[in-house]
Amino acid sequence: MRDAQSFDDFYRSTARRMARYGCAVAGDHGEAQDLVQEAYARAWRHWGRLAGHPAPEAWLRLVVSRLATDRWRRLRSLRGALRLAGPPPAVGPPTEDSVLLLQALRQVPANQRQALALHYLFDMSVEEIAHEVGVPAGTVKSWLSRGRSRLAALLPDLASVNVEANDVA
(Lines give C-alpha, C1' and ligand atoms only; values in the text may rest on other atoms or scores of the structure.)
Protein backbone atom coordinates (compact mmCIF):
# COMPACT_ATOMS: atom_id res chain seq x y z
CA MET A 1 0.00 0.00 0.00
CA ARG A 2 1.30 3.42 -0.93
CA ASP A 3 1.58 6.05 1.78
CA ALA A 4 1.01 9.47 0.20
CA GLN A 5 2.33 11.38 3.20
CA SER A 6 5.66 9.53 3.26
CA PHE A 7 6.01 10.01 -0.50
CA ASP A 8 5.27 13.73 -0.15
CA ASP A 9 7.92 13.98 2.57
CA PHE A 10 10.39 12.10 0.37
CA TYR A 11 9.61 14.38 -2.56
CA ARG A 12 10.01 17.56 -0.52
CA SER A 13 13.33 16.43 0.93
CA THR A 14 14.85 15.31 -2.40
CA ALA A 15 13.28 17.41 -5.18
CA ARG A 16 15.90 20.17 -5.28
CA ARG A 17 18.81 17.74 -5.29
CA MET A 18 17.14 15.64 -7.98
CA ALA A 19 16.54 18.72 -10.15
CA ARG A 20 20.21 19.70 -9.87
CA TYR A 21 21.30 16.13 -10.53
CA GLY A 22 18.99 15.89 -13.54
CA CYS A 23 20.45 19.12 -14.92
CA ALA A 24 23.97 17.80 -14.53
CA VAL A 25 23.13 14.49 -16.18
CA ALA A 26 21.00 15.87 -19.03
CA GLY A 27 22.87 19.11 -19.61
CA ASP A 28 19.59 20.94 -20.17
CA HIS A 29 17.15 22.32 -17.63
CA GLY A 30 14.02 21.43 -19.63
CA GLU A 31 15.21 17.87 -20.26
CA ALA A 32 16.13 17.55 -16.60
CA GLN A 33 12.63 18.53 -15.53
CA ASP A 34 11.14 15.85 -17.80
CA LEU A 35 13.56 13.18 -16.56
CA VAL A 36 13.05 13.96 -12.89
CA GLN A 37 9.28 14.15 -13.27
CA GLU A 38 9.24 10.73 -14.93
CA ALA A 39 11.52 9.33 -12.21
CA TYR A 40 9.20 10.58 -9.46
CA ALA A 41 6.19 9.15 -11.31
CA ARG A 42 7.90 5.78 -11.36
CA ALA A 43 8.84 6.12 -7.70
CA TRP A 44 5.21 6.77 -6.84
CA ARG A 45 4.09 3.68 -8.76
CA HIS A 46 6.57 1.56 -6.77
CA TRP A 47 6.34 3.49 -3.51
CA GLY A 48 4.92 0.52 -1.59
CA ARG A 49 8.23 -1.32 -2.05
CA LEU A 50 10.49 1.69 -2.49
CA ALA A 51 9.53 3.26 0.85
CA GLY A 52 11.26 0.35 2.58
CA HIS A 53 14.34 0.53 0.34
CA PRO A 54 17.53 1.39 2.24
CA ALA A 55 18.34 4.21 -0.22
CA PRO A 56 15.29 5.41 -2.17
CA GLU A 57 17.09 8.55 -3.32
CA ALA A 58 19.85 6.42 -4.86
CA TRP A 59 17.15 4.42 -6.65
CA LEU A 60 15.71 7.68 -7.97
CA ARG A 61 19.14 8.85 -9.18
CA LEU A 62 19.60 5.55 -10.98
CA VAL A 63 16.23 5.98 -12.72
CA VAL A 64 17.13 9.54 -13.78
CA SER A 65 20.47 8.31 -15.14
CA ARG A 66 18.89 5.47 -17.08
CA LEU A 67 16.19 7.73 -18.49
CA ALA A 68 18.86 10.20 -19.62
CA THR A 69 20.84 7.40 -21.25
CA ASP A 70 17.74 6.14 -23.05
CA ARG A 71 16.99 9.65 -24.26
CA TRP A 72 20.54 10.11 -25.57
CA ARG A 73 20.31 6.80 -27.43
CA ARG A 74 17.02 7.78 -29.03
CA LEU A 75 18.43 11.16 -30.04
CA ARG A 76 21.53 9.55 -31.52
CA SER A 77 19.48 7.17 -33.65
CA LEU A 78 17.16 10.03 -34.63
CA ARG A 79 20.17 12.11 -35.71
CA GLY A 80 21.35 9.19 -37.83
CA ALA A 81 17.96 8.86 -39.48
CA LEU A 82 17.83 12.60 -40.13
CA ARG A 83 21.31 12.51 -41.61
CA LEU A 84 20.22 9.77 -44.02
CA ALA A 85 16.97 11.50 -44.93
CA GLY A 86 18.57 14.88 -45.47
CA PRO A 87 17.20 18.23 -44.40
CA PRO A 88 13.45 18.76 -44.50
CA PRO A 89 12.08 20.96 -47.26
CA ALA A 90 11.96 24.66 -46.52
CA VAL A 91 8.65 25.94 -45.27
CA GLY A 92 7.58 29.29 -46.60
CA PRO A 93 6.14 32.06 -44.51
CA PRO A 94 2.46 31.93 -43.64
CA THR A 95 0.10 33.56 -46.10
CA GLU A 96 -1.78 36.69 -45.14
CA ASP A 97 -5.04 34.71 -45.22
CA SER A 98 -3.73 32.12 -42.77
CA VAL A 99 -2.54 34.83 -40.37
CA LEU A 100 -5.94 36.53 -40.54
CA LEU A 101 -7.71 33.21 -40.02
CA LEU A 102 -5.65 32.40 -36.93
CA GLN A 103 -6.32 35.84 -35.48
CA ALA A 104 -10.04 35.38 -36.09
CA LEU A 105 -10.03 31.86 -34.61
CA ARG A 106 -8.56 33.26 -31.39
CA GLN A 107 -11.71 35.36 -31.05
CA VAL A 108 -14.07 32.38 -31.42
CA PRO A 109 -15.12 30.60 -28.18
CA ALA A 110 -13.04 27.52 -27.40
CA ASN A 111 -15.85 24.97 -27.87
CA GLN A 112 -16.74 26.39 -31.30
CA ARG A 113 -13.06 26.55 -32.27
CA GLN A 114 -12.59 22.92 -31.23
CA ALA A 115 -15.63 21.81 -33.23
CA LEU A 116 -14.44 23.72 -36.31
CA ALA A 117 -10.95 22.26 -36.04
CA LEU A 118 -12.18 18.69 -35.63
CA HIS A 119 -14.65 19.06 -38.49
CA TYR A 120 -12.42 20.81 -41.02
CA LEU A 121 -8.92 19.67 -40.07
CA PHE A 122 -9.70 16.06 -39.13
CA ASP A 123 -12.73 15.58 -41.40
CA MET A 124 -14.79 14.34 -38.47
CA SER A 125 -18.55 14.11 -38.78
CA VAL A 126 -20.89 15.84 -36.35
CA GLU A 127 -21.58 12.49 -34.65
CA GLU A 128 -17.87 11.71 -34.28
CA ILE A 129 -17.22 15.13 -32.75
CA ALA A 130 -20.17 14.72 -30.40
CA HIS A 131 -18.84 11.34 -29.25
CA GLU A 132 -15.29 12.64 -28.74
CA VAL A 133 -16.32 15.79 -26.89
CA GLY A 134 -19.16 14.13 -24.98
CA VAL A 135 -22.04 16.39 -26.02
CA PRO A 136 -25.20 15.83 -28.09
CA ALA A 137 -24.92 16.10 -31.88
CA GLY A 138 -27.26 19.11 -31.84
CA THR A 139 -24.80 20.96 -29.65
CA VAL A 140 -22.00 20.28 -32.12
CA LYS A 141 -24.18 21.50 -34.99
CA SER A 142 -24.87 24.67 -33.02
CA TRP A 143 -21.16 25.19 -32.30
CA LEU A 144 -20.28 24.71 -35.96
CA SER A 145 -22.99 27.09 -37.12
CA ARG A 146 -22.10 29.76 -34.58
CA GLY A 147 -18.39 29.33 -35.25
CA ARG A 148 -18.86 29.73 -39.00
CA SER A 149 -21.04 32.80 -38.47
CA ARG A 150 -18.49 34.35 -36.11
CA LEU A 151 -15.65 33.71 -38.57
CA ALA A 152 -17.70 35.17 -41.43
CA ALA A 153 -18.28 38.31 -39.34
CA LEU A 154 -14.60 38.56 -38.40
CA LEU A 155 -13.38 37.87 -41.94
CA PRO A 156 -15.81 39.71 -44.23
CA ASP A 157 -13.24 40.15 -47.03
CA LEU A 158 -12.41 36.44 -47.10
CA ALA A 159 -16.07 35.43 -46.93
CA SER A 160 -16.91 37.52 -50.00
CA VAL A 161 -13.95 36.03 -51.90
CA ASN A 162 -15.21 32.50 -51.14
CA VAL A 163 -18.77 33.37 -52.18
CA GLU A 164 -17.51 34.84 -55.47
CA ALA A 165 -15.33 31.76 -56.09
CA ASN A 166 -18.30 29.46 -55.42
CA ASP A 167 -20.52 31.48 -57.79
CA VAL A 168 -17.97 31.09 -60.59
CA ALA A 169 -17.54 27.35 -60.09
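Calculate, for the chain, the solvent-accessible area per residue in square angstrom, rolling a 1.4 angstrom probe over the heavy atoms of the protein chains. The partial results should precede the final answer.
Details: 11870 Å² over 169 residues.
Counting only protein heavy atoms, the per-residue value for the chain is 70 Å².
Determine the gain in length on full extension of the stretch D8-A55; use 0.36 nm per residue of separation and subtract their C-alpha separation, reporting nm with one decimal.
Details: separation 47, 0.36 × 47 = 16.92 nm, distance 1.62 nm.
Here the segment from D8 to A55 would lengthen by 15.3 nm.
Pull up all non-local amide H partners of M124: gap of 5 or more, or a different chain, and H-to-H distance under 5 Å with H placed in the peptide plane.
H119
Ignoring ligands, DNA and RNA, please state the percent of accessible area on segment 39-166 from carbon and sulfur, probe 1.4 Å.
Details: 5280 of 8890 Å².
Within segment 39-166, the accessible surface is 59 percent carbon and sulfur.
Picking from L62, S142, L155, whose Cα lies most toward the positive end of the charge dipole for the chain (charges on Cβ: Lys, Arg +1; Asp, Glu -1)?
Of L62, S142, L155, it is L62.
For segment 5-18, what does the Karplus curve 6.51 cos²θ - 1.76 cosθ + 1.60, with θ = phi - 60°, yield as ³J(HN,Hα) per residue in whole Hz, taken in order and with x for Gly and Pro?
5, 5, 5, 4, 4, 4, 4, 4, 7, 10, 4, 5, 5, 5
Which value, in Å² rounded to 10, gives the accessible area of V99 with a 1.4 Å probe and all protein chains present?
60
Near the amide H of A51, under 5 Å away, which other amide H atoms are found, from residues 5 or more places off or on another chain, if H is placed in the peptide plane?
none
Fully extended, how many nm does the chain gain between R74 and D34 (0.36 nm per residue separation, minus their Cα-Cα distance)?
That pair, R74 and D34, stretches by 12.9 nm at full extension.
If you find the alpha carbon centre of segment 90-158 and of segment 9-35, how far apart are they in angstrom?
Each part reduced to its Cα centre gives a spacing of 40 Å.
Computed FRET efficiency, Cβ-Cβ of S125 and V91, R0 35 Å: what is it to the nearest 0.05? Write down the numbers at each step before the final one.
Numbers: r = 31 Å, r/R0 = 0.87.
Using R0 = 35 Å, I get an efficiency of 0.70.
Using only the alpha-carbon atoms, how far is helix 137-154 inclined from the longest principal axis of the chain? Give it as 0 to 90 degrees, nearest 10.
70
The values are calculated or read from the model by the stated rules, or taken from the named source; none is laboratory data. Note that this is a predicted model, so its numbers are computed, not measured. Counting neighbours? That spans all protein chains shown, and the Cβs are built from the backbone with ideal geometry, glycine included. These area figures cover heavy atoms from the full protein model, side chains too; ligands, DNA and RNA do not enter into them. Shrake-Rupley method; radii C 1.70, N 1.55, O 1.52, S 1.80 Å.
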